Amino acid sequence: MKRFLKYLSAIALLFTLSGCGIYSFTGTNVSPDIKTFQVNYFQNNADIVEPGIDLTFTRRLQDLIQNQTNLSLTNSGGDLVYEGEIVEYRVSPMTATANQRAAQNRLTIAVMVRFTNKKKEDDNFEKRFSFFYDYDGNDLPRGAVLSTALEEIFERITQDIFNDTLAKW
């Protein structure tokens, strides 16, 4: 009987592990034949151009994928290709004071992403990702306010891109 339970436990463990597929501790589901990725420069095509955010976004996406996968970054010929552009950079008032001034403003950034998986074309897509940051109406989106806003917005957008392309959430 003891031997039977060991055998049964081994089979249960085998089925549990075989059903998991190819996952990592970060939740990625990357096929073993995918070794490289490339992130092409995301040009800022928004109506309002904030200098430097295009390069900052491109590097944030590269860093996230490098830090959460074992894929190698390449400049060309990547198995996975991320490309696109920043299509929206907008500041809009959210709430008003009695003096008809903005009590709170919202910075919204949107990025259009074209994802290509050269090993599995069914995964390819073009999709818009966006997020926002609310800040005090007396502040301007400059200096520390802008840095904090970009940090939060790009964290969310890059994580959403990662989840849609590699984690399949």
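We did not get these values from a lab; they are worked out from the coordinates using the rules stated. In this text, all values refer to a predicted model and were calculated from it rather than measured experimentally. Neighbour counts are summed over all protein chains in view; Cβ atoms, including those assigned to glycine, are modelled from backbone coordinates with ideal geometry.
Key figures
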| quantity | calculated |
| --- | --- |
| Every pair of residues 6+ apart whose Cβ atoms lie under 6 Å, when the first sits in region 128-144 and is in contact (Cβ under 8 Å) with a residue 40 or more places away in the chain and closer than 15 Å to Thr95 by Cβ while the second is surrounded by 11 or more Cβ atoms within 10 Å (Cβ to Cβ) and hydroxyl-bearing (Ser, Thr, Tyr) | none |
| Test for Val39: is it β-branched (Val, Ile, Thr) and over 13 Å from Val113 (Cβ atoms) | no |
| Unmet requirement for Gly77, which otherwise passes all of (1) closer than 16 Å to Ile34 by Cα; (2) touching a Phe, Trp or Tyr at 6+ places or on another chain (Cβ under 9 Å) | (2) |
| Any hit, region 49-64, residues being of a type outside the set (S, T, N, Q), in contact (Cβ under 8 Å) with a residue 24 or more places away in the chain, closer than 24 Å to Leu166 by Cα and exposed (fewer than 14 other Cβ atoms within 10 Å of the Cβ) | no |
| Among (1) in contact (Cβ under 8 Å) with a residue 24 or more places away in the chain; (2) touching a Ser or Thr at 6+ places or on another chain (Cβ under 9 Å), the one test that Asn124 misses | (1) |
